[in-house]
Amino acid sequence: MILCSKRMGSKERIQRQKEDTRKGILAAALQIVKQEGWAALSMRKIADVIEYTAPIIYEYFPNKEGILLELTRQGYINLGIKVKEARDRKTNPEEQLEAMWLAYWDFAFEEKEFYQLMYGVQVNCCELYKQMPEAEYTTDLFYDAIEKLLTKQPVSEDYSCLKYYTFWSLIHGLISINLVQKGANDEINQEILRSAIKAIIKTIND
C-alpha cells in the first residue's frame, strides 16, 4: 500500500511539473509578445526565456501555431468571464447589454495582445478558433442578452444575428482604429461607444 501511494504521488508530481512547464511556455510567449509584438514570437525565443531547449517545447506544442491556438483559447475564456460578470452586475436587460459591450471594450485594451490574436488585428488569427466552444460562449451570452430585449413575436434567429453583428461591427471597428493607430481621446471614445450602444439597443424592437 505504501509503495502504491508513493507511485501515485510520483505520477501526480510529474503531471504537475508538466502542467507547470506548459503554463511557463505560454507565459513566456505572452511576455515576448508584450515586449516585442506578435511578429517577434518564435519557438527559439520562447526556449531562451524559459531556459529550455527548443525540442522540449515541441513535446508540449507541435509548432508555434499550437501555442497561438492555446493562447486564443485562453483569450476567449478570459473575455467570457468578464462579459458574464458585467451582465450579472445588472438586472435591467438594457443595462445588462450595455454593460456587456463596455466590458468587451475594456478587455480589448486591458488585454490587447489577446484581442489582437483573437480577432486578427495586426496579426493572423487562428482559423481554428471557429471550432472552439470558448469562442462561441461569449457570442451566446450576447445573443441571449439581445433576445431578452425582443418583444416582437415571432423573431427569427437571423434577426438576433443581425443585431449582434451590428453591435460587433461598430465596436470592433472602433477598437481596431484605436489599437492600430491612436484615435480620439478616451473621453470621446467613451461618448461614441455609449451613444452607439444605446442607439442600437433602441433599434432592437423597431
- Query: Under the classification rounded if a/c is under 1.5, otherwise prolate if a/b is larger than b/c and oblate if not, where does segment 160-201 fall, given a ≥ b ≥ c as square roots of the Cα gyration tensor eigenvalues?
  - Reply: oblate
- Note on the structure: Sorting Ile175, Gly37, Ser10 by the position of each Cα along the dipole of the chain (Lys, Arg +1; Asp, Glu -1; all at Cβ), the one nearest the positive end of that ordering is Ser10
- What's the carbon and sulfur percent of segment 53-111's accessible surface, probe 1.4 angstrom, rounded to a whole number? 48 percent
- Message: Just to confirm, what accessible area per residue do you get for the chain at 1.4 Å probe, in whole Å²?
- Response: 59 Å²
- Restricting to aspartates and glutamates and to Cα separations under 14 Å from Lys90, and discarding same-chain partners fewer than 8 apart, the set is Glu98
- Using the structure shown, list the pairs from Lys34/Lys198; Lys84/Lys198; Lys84/Lys202 with a Cα-Cα distance above 26 Å, or answer none. Lys34/Lys198
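The values are calculated or read from the model by the stated rules, or taken from the named source; none is laboratory data. Note that the coordinates shown come from a computational prediction; the quantities given were computed from them, not determined experimentally. A quick note on method: Cβ atoms are made from the backbone with ideal geometry, for glycine too, and the neighbour counts reach across all protein chains shown. SASA here: full protein model, heavy atoms, side chains in, ligands and nucleic acids out. Shrake-Rupley method; radii C 1.70, N 1.55, O 1.52, S 1.80 Å.
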